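Q: Take this structure first; my questions come after.
The values are calculated or read from the model by the stated rules, or taken from the named source; none is laboratory data. No experiment lies behind these values; they were computed from the predicted model shown. Glycine gets a Cβ as well: all are built from the backbone with ideal geometry, and neighbour counts include every protein chain shown. With ligands, DNA and RNA removed, areas are computed over all heavy atoms of the protein, side chains included. Shrake-Rupley method; radii C 1.70, N 1.55, O 1.52, S 1.80 Å.
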Amino acid sequence: MGELTPKERVLRLLRKEPIDTMPFFSGMGMVVMPGIEKVGCKFAQIHTDASRMAMSAIWSSRLMGFDCVVIPYDMTMESEAVGNEISLYENSEDILYPTIPHKKWKTMEEVEIPKDIMERGRLPLLPKAIKIIKEEAPELPIGCWQLGPFTQAGQMLELDMILKAVFKEKKKVEELLDKLTDMIIELGKWLQASGCDYITLREPGVAADLLSPRTFKELIQPRLTRILDAWKSPKLLHICGQTDPLITMMAECHADGLTVDIKNNIKESRKKLGPDVLLMGNVDTYKITCDPSTTVEQAVEHIKWIIDNGVDAVMPGCDLWPAIVFENMKACVDTTHEYGRRPSPAVGRL
Amino acid sequence: MTTKEELLKQLKEGVINYNEEQVKEAASKAIELGYPALEMIMDGLAAGMEVVGELYERNEYFVPEVLMCADALYAGLDILRPHVPKQESGVVAQVVIGSVQGDVHDIGKNLVKMMFDVAGWQVHDLGRDVPLEKFVEEQLRTDAEVVAMSAMMTTTMLGMKKVIKMIKEKNPNVAIMLGGAPVTKDVAKLFGADGYAESAGNAVQEAIKMIARLREMQQTKAAN
Ligand code: B12
């Protein structure tokens with residue numbers, strides 16, 4: 001299908017250059033169970049080994065036709081690297097993402113990010129996995145991501161405490177967010193230097209179902225902008241949850257493209273943003289890709305509806321939930337490629 | 001002398017404006033003056049939380065505000081609760097609550113827990129990322145009438161089904177209630193749960209209804 005490789009397609013799209021057809025890709029996890037099974041291991045084992053991480057990503061893309069690979073899969077790498085233990089749930093048969101059961105820091109003042117964080121915990125796996133993917137699948141663009149400072153704060157300390165401190169100890173929260181902003185800038189630059197092709201800043205903990213748009217503007221937006229300014233292109237900004245009240249502020253953060261989930265009204269967002277902003281989303285990552293009662297026809301309709309609403313690329317609204325229904329997932333990707341031959345608002349066609 | 005009405009108002013507004021100090025002062029004053037503690041809890045603290053719930057629904061309050069209001073409420077509860085006479089409080093019932101294994105989302109669960117606390121239940125909070133067997137063990141240990149589970153993710157939600165099966169095998173008289181964003185009334189029913197509530201606001205009422213239903217069923221069974 002098409003004249004471009006997935007890598008050319010995605011990188012051209014991110015520069016708003018004409019492409020052959022719309023890509024199906026993401027800034028967040030795209031690993032699915034059939035890909036993991038190909039590698040011959042369990043979900044819990046793809047987080048701790050560079051080769052398994054790389055190969056499960058590649059197989060997921062190849063089997064499904066995704067236009068990218070994205071690593072890593074879990075949100076605990078940085079918190080682990082500063083000295084927290086993680087739970088991997090190696091004995092569970094279910095798909096359980098790694099978590100941090102206890103946090104060593106109790107107060108915001110204690111937080112201190114080691115200069116050599118890239119050499120700690122599982123972070124050194126990432127450059128290795130990138131290298132493997134480049135060799136094994138040069139046709140696929142590699143996406144990496146960093147959590148935004150607020151969400152990352154909730155991985156380093158108790159989120160409850162930080163949420164309350166937003167009002168009660170604003171100054172301390174700002175200092176904490178600044179420290180994490182510096183860390184995120186450095187880690188992003190390091191991932192780019194290690195060879196990732198695009199990077200996504202994802203800040204799910206600040207959607208308007210958690211924080212007020214006013215707090216977003218005061219506390220979050222300046223820091224997201226500082227991070228994105230420090231990274232080179234291509235760079236994306238993703239927020240999941242209720243983003244309708246945030247979308248114009250998101251567009252002021254200097255990302256090359258914005259990505260949102262199913263709670264966003266894409267049609268309205270497109271109106272607010274105009275045709276020039278790269279806007280991507282917003283596949284329902286449970287109802288459409290995982291729910292066994294959803295039919296292939298419904299999956300196809302969902303994708304057409306998203307494209308008609310005015311996206312420039314179809315993207316899952318969050319990490320793909322790995323236990324996909326094979327036919328429905330495949331239908332989502334194929335429909336994007338077939339139905340996406342017409343130009344989208346911000347990107348023309350060859 | 002401060003009237004009861006004035007103190008009720010201070011408690012209520014203290015919760016709404018997340019003013020912990022005001023709530024503590026008013027609660028201590030109420031005890032000093034011998035006003036009924038249960039009434040202060042229900043018509044003061046709980047009434048305030050009800051307004052907070054409305055402000056949240058209307059997007060005037062967001063999660064940080066609600067959490068601060070909850071702190072103010074607990075500050076008052078800690079002072080008033082020991083003064084509620086045993087027979088009056090009639091400790092409504094016991095509930096075991098937690099977020100299921102693999103799930104560290106607990107903000108919603110904590111709000112539900114607070115509602116049970118306010119309503120005078122004895123709450124056994126297992127926290128988050130709770131191993132599935134732990135729910136069963138804790139229920140057996142405490143003989144709680146209700147087990148309430150929270151899940152925010154589609155897969156962790158599946159763990160609930162296993163817990164329901166394990167508990168019902170050992171003890172069919174326990175009422176099990178589910179909640180969390182991916183859970184719906186249909187899912188709860190499909191998993192074999194006895195109840196479901198969409199938000200913290202109606203969790204307690206639903207729990208009481210559930211127990212009543214189960215008792216009724218037992219009685220008809222016993223009669224036959
Ligand atoms: C905050 C948050 C986090 C925080 C959690 C911190 C914490 N201490 O809770 C952090 C950053 C750690 C996190 C991590 C992850 N998250 Co998260 N997170 C959220 C977020 C943004 C908000 C959830 C929240 O607190 N809402 C506010 C509370 C008040 O609402 P609530 O929880 O729904 O609770 C109410 C009701 O549901 C009900 N209720 C809740 N429990 C119960 C129980 C009973 C018995 C009853 C009666 C009622 C009831 O009453 C509550 C009050 O009214 C949501 C997205 C969103 N906007 O909803 C994603 C979301 C839940 N996360 C998601 C995911 C995928 C993850 C990760 C897997 C990401 C990753 N790749 O690692 C990890 C997994 C961590 C883990 N293993 O648990 C997905 C889940 C998708 C799915 N359907 O499966 C969501 C929906 C985001 C998305 N758009 O995809 N997350």
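Q: Can you run down the residue pairs with Cβ atoms below 7 Å, 6 or more apart or on separate chains, where the first is in region A:281-300 and outside any helix (DSSP H, G or I) and the partner is modelled with pLDDT of 90 or more and among the aromatic types (Phe, Trp, Tyr)?
A: Pairs that qualify, where the first residue is outside any helix (DSSP H, G or I) and the partner is modelled with pLDDT of 90 or more and among the aromatic types (Phe, Trp, Tyr), are A:Thr285/A:Trp321; A:Tyr286/A:Trp321; A:Thr289/A:Trp321; A:Cys290/A:Trp321.
Q: Same structure again: Considering only region A:132-152, state which residues are assigned to a helix (DSSP H, G or I) and in contact (Cβ under 8 Å) with a residue 40 or more places away in the chain.
A: A:Ile132, A:Ile133, A:Lys134, A:Glu136, A:Pro149, A:Phe150, A:Thr151, A:Gln152
Q: Restricting attention to region A:37-52, does a residue exist that is away from the ligand (no atom under 16 Å from the Cβ), within 20 Å of the chain's Cα centre (by Cα) and surrounded by fewer than 22 Cβ atoms within 10 Å (Cβ to Cβ)?
A: Within region A:37-52 (the criterion being away from the ligand (no atom under 16 Å from the Cβ), within 20 Å of the chain's Cα centre (by Cα) and surrounded by fewer than 22 Cβ atoms within 10 Å (Cβ to Cβ)), the answer is yes, since at least one residue qualifies.
Q: Check region B:108-122 and report whether any residue there is farther than 19 Å from B:Ala207 by Cβ, part of a helix (DSSP H, G or I) and within 13 Å of the ligand (Cβ to nearest atom).
A: Step one: of region B:108-122, the residues farther than 19 Å from B:Ala207 by Cβ are none.
Taking every residue of region B:108-122 in turn, none turns out to be farther than 19 Å from B:Ala207 by Cβ, part of a helix (DSSP H, G or I) and within 13 Å of the ligand (Cβ to nearest atom).
Q: Which of the helices (runs of 4 or more DSSP H) found entirely inside region B:124-224 contain at least 3 residues meeting this: away from the ligand (no atom under 16 Å from the Cβ)?
A: B:132-142, B:154-170, B:203-223
Q: Then there's this: Can you tell me which residue among A:Leu159, A:Leu201 is among the hydrophobic types (A, V, I, L, M, F, W, C), away from chain B (no Cβ under 13 Å) and within 16 Å of the ligand (Cβ to nearest atom)?
A: It is A:Leu201.
Condition check ((1) among the small types (Gly, Ala, Ser); (2) within 14 Å of chain B (Cβ to nearest Cβ); (3) in contact with a Lys or Arg (Cβ under 6 Å, 6 or more places away or on another chain); (4) farther than 17 Å from A:Met30 by Cβ) across all residues:
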position	(1), (2), (3), (4)
A:Asp49	no, no, no, yes
A:Met55	no, no, no, no
A:Ser61	yes, no, no, no
A:Asp74	no, yes, no, no
A:Ser87	yes, yes, no, yes
A:Asn91	no, yes, no, yes
A:Pro98	no, yes, no, yes
A:Pro101	no, yes, no, yes
A:Lys104	no, no, no, yes
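Q: Name the residue that is surrounded by the most Cβ atoms within 10 Å (Cβ to Cβ), counting only residues in region B:94-120 that are within 12 Å of chain A (Cβ to nearest Cβ) and more than 28 Å from B:Gly44 (Cβ to Cβ).
A: B:Val100
Q: Please count how many residues of region A:234-288 are farther than 28 Å from A:Gly195 by Cβ and buried (at least 24 other Cβ atoms within 10 Å of the Cβ).
A: Residues in region A:234-288 being farther than 28 Å from A:Gly195 by Cβ and buried (at least 24 other Cβ atoms within 10 Å of the Cβ): 6 in total.
Q: B:Val95 is checked against (1) away from the ligand (no atom under 13 Å from the Cβ); (2) at pLDDT 90 or above and fails just one. What number does that condition carry?
A: Unmet for B:Val95, out of (1) away from the ligand (no atom under 13 Å from the Cβ); (2) at pLDDT 90 or above: (1).
Q: Specify the residue that is farthest from the other protein chains (Cβ to nearest Cβ); the eligible residues are those in region A:76-85 that are open to solvent by 30 Å² or more (accessible area, probe 1.4 Å) and assigned to a loop (DSSP other than H, G, I, E, B).
A: Result: A:Gly83.
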